[in-house]
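First the structure, in the form of structure tokens, and then the observations on it.
Throughout, read-outs are computed from the coordinates displayed, never taken from laboratory work. On a predicted model such as this, the values are computed, not experimentally measured, just so you know. Positions of Cβ are generated from backbone atoms using ideal geometry, with glycine treated the same way; all protein chains shown enter the neighbour counts.
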Amino acid sequence: MWNFLRRVSETWPYEDAEPQHPPRERLTSFNTTLPSALEGAFFIAAVTVRWLGDGPEDLARVRYAARDHLAQEASHYHVTAMDQLADSLNSRGTTKRSLPGTNLVITYLHVSLTASAEALDAAAAWHDAQRQSVLDHLRRQRDLRELRWLRDEIFRHPDIARMYWHIRHPTDLASLTAPVFDAIAACLTAGSSPNSSREKENLIGNLIVEFVDGLDADERGHLISQVSRVFRSFDRGDLADRLPADQAPTGRTPA
């Protein structure tokens, strides 16, 4: 009998035991600053959060998690784009977010953003500097294209250069007969002149002669046989036939 009563007392709930309730939804609002894409210019944020939880440390955890989430998003925007940022954040404000390592769930998040006059001025100055940098780059590119056009299409040709000069300086008739345009054209075409090409060919020829002079008889014979094949592959058998036959290779191939 006593065993039966003991078993009943162990399984039967006490009348004063508190029933288990699900976490209740709570609400908090706080103000904070959020970083922007420009260092030193901050958003001023008024944040409203609803969450599920009852623990004594839940409020601090929720505030920290909400601010961390907002700061990550805000760091990609300038303060001049606060409306776009707020719309982006608030459009996802009803998406539930579980906080890792806890049983807390944020059910609602809303933010209102402003910025100080100093932050707005700094962002506007940054945008102006960026626009000016782009304009300067485009201007340099335009000037470079014009200079290349003058070099390749105008001043390489003395007669065209004289006409170009006359259009812009119609009263300067003396310059039309000046030798300066011929001198400029000579300087600009020096790099592609026949003399320059011949100098390069002579340099290559001298290097080949120096290479061949350093070969022994067998190596030279092997090289001549290869040159003969090259000549014939370009349909210049006449040149291959003129190679010295007495320097044919002995069968040894250079290592």
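A few remarks follow.
- Here the calculated FRET efficiency for Asn202 and Val230, from their Cβ-Cβ distance with R0 = 25 Å, stands at 0.75, rounded to the nearest 0.05.
- With a simple spin-label model that places each label point 7 Å from the Cα along the Cα-to-Cβ direction, the separation between Cys187 and Ala174 comes to 2.1 nm.
- For segment 96-171, the Cα gyration tensor yields ellipsoid semi-axes of 62, 18, 8 Å (square root of five times each eigenvalue, largest first, whole Å).
- Considering all different alpha carbon pairs of segment 61-192, the Kirkwood hydrodynamic radius works out to 21.0 Å.
- Charged-residue dipole, Cβ positions (Lys, Arg, Asp, Glu), segment 25-116 about Cα centre, Debye nearest 20: 180
- For segment 25-116, taking the reciprocal of the average inverse distance between every pair of different Cα atoms yields a Kirkwood hydrodynamic radius of 13.4 Å.
- Cα gyration tensor category, rounded, prolate or oblate, for segment 199-247 with a/c compared to 1.5: oblate
- Debye intensity ratio in log₁₀ form over the Cα atoms of segment 87-127, taken at each q of 0.25, 0.29, 0.32, 0.33 Å⁻¹: -0.82, -0.94, -1.01, -1.03
- With neighbour counts taken as other beta-carbon atoms within 10 Å, the residues Tyr77, Tyr108 rank, fewest first, as Tyr108, Tyr77.
- Considering only alpha-carbon pairs that sit under 8 angstrom and 6 or more positions apart, the relative contact order computed for segment 75-141 is 31 percent.
- Footprinting exposure proxy for Met82, Met163 (fewest neighbouring C-beta atoms within 10 Å first): Met163, Met82
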